[in-house]
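Okay, so here's the structure we're looking at.
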Amino acid sequence: MEIRINSIEEIRSAARLFIDNMPQGRVFAFYGKMGAGKTTFIKAICEELGVADVITSPTFAIVNEYEGNEDVTIYHFDFYRIKKIEEVYDMGYEEYFFSGNLCFIEWPELIEDLLPDDVTRVTIEKTEDGSRLVKF
């Protein structure tokens, strides 16, 4: 599927469309260049799922946990700053990825071999006109 986001004003409706069409898996790997809008889109998805907390990139914490509507737990990962795969082992990634909760992962390229078989790969591209294409 492909979702086009023409402006920031459309991000919440795009997030709702994403949620309404999410595959059955619970782990989503978001690919895209720096500045493509991964964090912004994940934030909009979390807001649409009822997260009331302030949603920020877990760049330094590696993972943030949020609670949404109907006791939905969401884990938001940012692996940009990991130096060694051992850091991911040490954080107990399996407990998150196989918890049955939603996992949204930024910079999954750095942990590709650890992603579950049923991961949904989501690509966000910035187009020439400044819009974004979300493909999954």
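Numerical summary
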quantity	calculated
Selected residue (criterion: farthest from Val54 (Cα to Cα)) from residues of the stretch 75-98 that are open to solvent by 50 Å² or more (accessible area, probe 1.4 Å) and in contact (Cβ under 8 Å) with a residue 24 or more places away in the chain	Ile85
Selection count where residues are open to solvent by 40 Å² or more (accessible area, probe 1.4 Å) and either in contact with an Asp or Glu (Cβ under 6 Å, 6 or more places away or on another chain) or among the hydrophobic types (A, V, I, L, M, F, W, C) (or both), scope the stretch 32-41	1
Residue that is least open to solvent (accessible area, probe 1.4 Å) [pool: residues in the stretch 9-26 that are out of contact with any strand residue (DSSP E or B) (no Cβ under 6 Å at 6 or more places or on another chain) and either under 16 Å from Tyr96 (Cβ atoms) or in a loop (DSSP other than H, G, I, E, B) (or both)]	Met22
Selection count where residues are of a type in the set (S, T, N, Q) and open to solvent by less than 30 Å² (accessible area, probe 1.4 Å), scope the stretch 65-74	1
Only listed residue being of a type outside the set (Asp, Glu), buried (at least 20 other Cβ atoms within 10 Å of the Cβ) and without any contact (Cβ under 8 Å) to a residue 40 or more places away in the chain, chosen from Ala44, Ala29	Ala44
So Glu109, is it surrounded by fewer than 16 Cβ atoms within 10 Å (Cβ to Cβ), under 19 Å from Gly32 (Cβ atoms) and at pLDDT 95 or above	yes
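Quick grid of which residues meet (1) within 20 Å of Phe98 (Cβ to Cβ); (2) in contact with a His (Cβ under 6 Å, 6 or more places away or on another chain); (3) modelled with pLDDT under 90; (4) among the small types (Gly, Ala, Ser):
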| site | (1), (2), (3), (4) |
| --- | --- |
| Lys43 | no, no, no, no |
| Glu47 | no, no, no, no |
| Pro58 | yes, yes, yes, no |
| Val63 | yes, no, no, no |
| Ile74 | yes, no, no, no |
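The values are calculated or read from the model by the stated rules, or taken from the named source; none is laboratory data. Values in this document were obtained by computation on a predicted structure and should not be read as measured data. We place every Cβ from the backbone using ideal geometry, glycine too, and count neighbours over all the protein chains shown. Ligands, DNA and RNA are excluded from the accessible area calculation, which covers all protein heavy atoms including side chains. Shrake-Rupley method; radii C 1.70, N 1.55, O 1.52, S 1.80 Å.
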